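Colleague: The structure under discussion is supplied below as structure tokens; questions concerning it will follow.
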Amino acid sequence: MAKATHSYHQMEVLKKDRSVARARSAEVKALDAEYFGVKDSILTGFDLHGDYKKMKRRILKVLGGTATDWKDYKWHRRNRIGSVKVLQEIIHLESDEIADIEKTGGQYRWYISPYYASLMDPENRNCIPSINEYMDSSEIADPPIIKYNSPAPLISRLYPDRLIINVTNQCGMVCRHCLRRMDIDTTDVIYPKRMINEALDYVRKNKEIRDVLLTGGDAFSLSDSQLDHILTELDEIPHVEITRLGSRMPCSLPQRVTPELCKMLEKHDPVYLQTQFNHPREVTPEARKAVNMPDQGGSYRKGSDGPSERDQ
Ligand code: SF4
């Protein structure tokens, strides 16, 4: 039997790598310790509900809405905030901030749901265009992910057994950290049914696809009936075992999670929701209600016990 000649070298490499990994682990552990040190003093949207109510009143006044409007996600979508003039009526902006918003917002689209605007404070401005979005010093252009990984309309496929259907380019708000900036584009687009059908056909014809993520944009931007149609088609494809929805609306526009939406989703057991919260102020009673409501049906699963997030 030929003697292995590489094992000693591999051990050496491993030792070297392991020392790098240990240093990195220590860094991560320190971060965790820092968090646990302050965890109990972090104020969430529950603690700050008084601020939220005050902001809500101010926003309703600026936008000419009522308390009933506030409960209606369609009102929020019709009245999303996307101009400096309106934003200035809600929060104080310094003149350099205004210039930054105009410069960055002219390049990268922005809008905020009135609900999410009520969660803004000087520490939570992750919905407002920032000059930092221009500060990538690497000068490396974003890779043309869509161009090279879209074998059919609206599809992004990077892995053998799973893919994304980008069913919409609309969201509850445009998050400044969004990795899908190019998909969000410069204006709302309603994709024709033909494109959705071609994407579904691609899934039908490629039998190794067992996991489909509907996202965009934000999957909950579609109407209940549009989502129902796509989910029904996917349910009928035998090799699709997992259907996931990518939506940030439980955080950015929790009013969108209605009993009607949940009832429709219950028909498509199992459907997994993958969502994201990025700031303690986002953890509000409204968000909790949105996250818990689907559980009442029992068949609509939240992301934490769902499959990997690797292609979110
Ligand atoms: S909701 Fe998702 S897709 Fe839409 S802007 Fe935010 S991160 Fe991007």
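Colleague: Out of the residues in region 277-293 meeting the condition of being of a type in the set (V, I, T) and not in a helix (DSSP H, G or I), tell me which one is surrounded by the fewest Cβ atoms within 10 Å (Cβ to Cβ).
Modeller: V283
Colleague: Hey, can you tell me all the residues within region 252-276 that are surrounded by 18 or more Cβ atoms within 10 Å (Cβ to Cβ) and either in a loop (DSSP other than H, G, I, E, B) or touching a residue at least 60 places away in the same chain (Cβ under 8 Å) (or both)?
Modeller: Residues satisfying the conditions are S252, L253, P254, Q255, R256, V257, H268, Q274, T275.
Colleague: Within region 70-86, can you find the residues that are surrounded by 16 or more Cβ atoms within 10 Å (Cβ to Cβ) and over 24 Å from the mean Cα position of the chain (by Cα)?
Modeller: Matches in region 70-86: V86 only.
Colleague: Taking the criterion of being within 16 Å of the ligand (Cβ to nearest atom), exposed (fewer than 15 other Cβ atoms within 10 Å of the Cβ) and polar (S, T, N, Q), would at least one residue in region 196-219 satisfy it?
Modeller: Within region 196-219 (the criterion being within 16 Å of the ligand (Cβ to nearest atom), exposed (fewer than 15 other Cβ atoms within 10 Å of the Cβ) and polar (S, T, N, Q)), the answer is no, since none of the residues qualifies.
Colleague: Also, I was wondering about something else. Against the condition of a type in the set (A, V, I, L, M, F, W, C) and surrounded by 13 or more Cβ atoms within 10 Å (Cβ to Cβ), how does I155 come out, does it pass?
Modeller: Working: of a type in the set (A, V, I, L, M, F, W, C): yes; surrounded by 13 or more Cβ atoms within 10 Å (Cβ to Cβ): yes.
Yes: the conditions hold for I155.
Colleague: Would you pick out the residues in region 167-183 that are within 9 Å of the ligand (Cβ to nearest atom) and not in a helix (DSSP H, G or I)?
Modeller: The first filter runs over region 167-183 and keeps only residues within 9 Å of the ligand (Cβ to nearest atom), leaving 169-181, 183.
Scanning region 167-183 gives N169, Q170, C171, G172, M173, V174, C175, R176, H177, C178, L179, R180.
Colleague: For T186, indicate whether it is outside any strand (DSSP E or B), surrounded by fewer than 16 Cβ atoms within 10 Å (Cβ to Cβ), on the phi < 0 side of the Ramachandran plot and within 16 Å of the ligand (Cβ to nearest atom).
Modeller: Against the criterion (outside any strand (DSSP E or B), surrounded by fewer than 16 Cβ atoms within 10 Å (Cβ to Cβ), on the phi < 0 side of the Ramachandran plot and within 16 Å of the ligand (Cβ to nearest atom)), T186 qualifies.
Colleague: Of everything in region 241-251, what is more than 11 Å from the ligand (Cβ to nearest atom) and buried (at least 23 other Cβ atoms within 10 Å of the Cβ)? Give them in sequence order.
Modeller: Selection gives R244, L245.
Colleague: Filter region 220-240 for residues that are part of a helix (DSSP H, G or I) and within 16 Å of the ligand (Cβ to nearest atom) and give the result.
Modeller: Pass one, region 220-240, residues part of a helix (DSSP H, G or I): 220-221, 224-235.
Scanning region 220-240 gives F220, S221, L227.
Colleague: When both residues are 6+ apart or on different chains and their Cβ atoms are under 8 Å apart, which pairs have a first residue that lies in region 37-52 and is on the phi < 0 side of the Ramachandran plot and in contact (Cβ under 8 Å) with a residue 24 or more places away in the chain, and a second that is surrounded by 11 or more Cβ atoms within 10 Å (Cβ to Cβ) and of a type in the set (V, I, T)?
Modeller: Between residues of region 37-52 that are on the phi < 0 side of the Ramachandran plot and in contact (Cβ under 8 Å) with a residue 24 or more places away in the chain and residues that are surrounded by 11 or more Cβ atoms within 10 Å (Cβ to Cβ) and of a type in the set (V, I, T), the close pairs are T44/V283; T44/T284; G45/V283; G45/T284; F46/V283; F46/T284; H49/T284; Y52/T284.
Computed from the coordinates by the stated procedures, all read-outs in this text should not be read as laboratory data. Please read these numbers as outputs of a predicted model, since none were measured by experiment. Glycine also receives a Cβ, built like all others from the backbone with ideal geometry; neighbour counts cover every protein chain displayed.
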